Amino acid sequence: MRIANVDGRLTIVPGAIASIVDGGTVDGVDVERASGGRFGSGPQEIFARWEEFESWARDVDLAAADVTVTAADLGPVAPHPAQVFAIGLNYAAHAAETNRAAPTSPPTFTKFPTCLAGPAASVNLPPGSVDWEVELVAVVGRLARNVARADAWAHVAGVAVGQDFSERELQMVGPAPQFSLAKSYPNFGPIGPALVTPDELTDRDDLAIGCAIDGESVQSSRTSMMLFDVPTLVAHLSSVLTLLPGDVIFTGTPSGVGMGRDPKRFLKPGEVVVSEIEGVGRLRNPTTAGG
Ligand code: ZN
């Protein structure tokens, strides 16, 4: 199943949503109307009733679609999470390109939730050096506290493509890096285009992941290269705190970011960043001047 945030309304969408940022439309089912009000319209609130919703939604017929969806209609699949986690240095080649040792425990920071955006959002570049980081995003579907690694996927509602846009000068300033603030400018966290339940994927632990700028591939890897995979991250985070339904986890980026290049490269106004994960879909985020 795939669900999307269509103008703030929870909508069940077909697989073709994966490439909707390239243009065109898909037809979806509005959950509140199709359920006769049993479920509300809120894309965030549904995670608190995820198991009940998922079993109802399994029988929904997309032939009964009542909403036409374009990329511009789409918001973030989890628009108001209580917590957003982001993991640094989770691919060995990315740790190496930033001259850091591979971590032995997942380095964790946050992207403040106001940075979340839809899959086609424009990014107004702030002063500094804005970099790209394509990432698999997992959304929590069941409260998780001290969850065993073997049970972790059962606590994930689904996955989406994410971009962890990062302004490197603020990120690195001072004696202790400012990861969270520098990654939270408006629209620095597009996620989507839809939330895909793990059963839709051929192998939820091994998906091609990549990023291109103006059509030039800059990142290309597989999620199986993560040092700490999704189950390990859910187990680790839930060993410290309580993961709540609807929480968002950015799982880290592979190598190929701009600051790891020689010479370094950062985004310029007018460039278009396309972020993609096999079976999940694609984001398309143009950049604009000022900020
Ligand atoms: Zn990141």
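Tell me, Kirkwood radius of the range 61-118 from alpha-carbon pair distances, in Å?
Mean inverse Cα-Cα distance, inverted, gives 14.8 Å.
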Exercise. Which stretch or stretches of the range 180-216 have amide N atoms under 18 Å from the point lying 7 Å from ASN124's Cα along the Cα→Cβ direction?
Worked result: 182-190
Exercise. Taking the Cα atoms of the range 2-73, what is the range of coordinates along each of the three principal axes, in descending order and whole Å?
Worked result: 33, 23, 17
Problem set entry | Extension gain, SER180 back to SER239 (0.36 nm per residue minus Cα-Cα distance, nm) | 19.1 nm
Exercise. Ranked highest first by average number of other Cβ atoms within 10 Å, how do 16-24, 50-58 line up?
Worked result: 16-24, 50-58
Exercise. Stokes-Einstein D for the range 211-251 at 25 °C, 0.890 mPa s, Kirkwood Rh over Cα pairs, in µm²/s?
Worked result: 196 µm²/s
Problem set entry | Spin-label model distance (nm) - ASP7 vs ARG149, 7 Å beyond Cα toward Cβ | 4.6 nm
For this session: Just flag the trypsin sites (Lys or Arg not before Pro) in the range 214-291 sitting in loop per DSSP whose Cβ has no more than 12 other Cβ atoms within 10 Å.
Result: LYS264
For this session: Compute the convex hull volume of the Cα atoms of the range 174-291, divide it by the residue count, and report the result per residue in Å³ as a whole number.
Result: 156 Å³
For this session: Consider all pairwise Cα distances in the range 1-152 and report the whole-number % of them above 28 Å.
Result: 33 percent
For this session: Calculate one ³J(HN,Hα) per residue across the range 102-111 by plugging θ = phi - 60° into the Karplus curve 6.51 cos²θ - 1.76 cosθ + 1.60, and present them in order as whole Hz with x for glycine and proline.
Result: 4, x, 9, 9, x, x, 10, 9, 10, 9
For this session: Take each of the peptides 95-104, 266-275, average the number of other beta-carbon atoms within 10 Å over its residues, and list them starting from the highest.
Result: 266-275, 95-104
Problem set entry | Cut-off 12 Å between beta-carbons: net charge of the residues surrounding HIS236, Lys and Arg +1, Asp and Glu -1 | 0
For this session: Report Rg (one decimal) and Dmax (nearest whole number) for the chain, counting Cα atoms only, units Å.
Result: 18.0, 57
For this session: For GLU51 and GLN83, calculate 0.36 nm times their separation in residues minus their Cα-Cα distance, and state this gained length in nm to one decimal.
Result: 9.5 nm
Problem set entry | Residues in the range 143-187 reached by a label modelled at MET225 [backbone nitrogen below 20 Å; 7 Å Cα→Cβ] | 160-166
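Going by average Cβ neighbours within 10 Å, how do the peptides 146-153, 78-85, 193-200 rank, with the highest at the top?
193-200, 78-85, 146-153
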For this session: Can you find, among VAL257, GLY270, LEU201, the residue farthest towards the positive end of the dipole of the chain? Put +1 on the C-beta of Lys and Arg, -1 on that of Asp and Glu.
Result: VAL257
For this session: Rounded to the nearest 10 degrees, what's the angle between the helix 230-240 long axis and the longest principal axis of the chain, both from Cα atoms, 0 to 90?
Result: 80 degrees
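Throughout, read-outs are computed from the coordinates displayed, never taken from laboratory work. For clarity, every value in this text was computed on a predicted model and none was experimentally measured. Cβ sites come from the backbone with ideal geometry, for glycine too, and all protein chains shown count toward neighbours.
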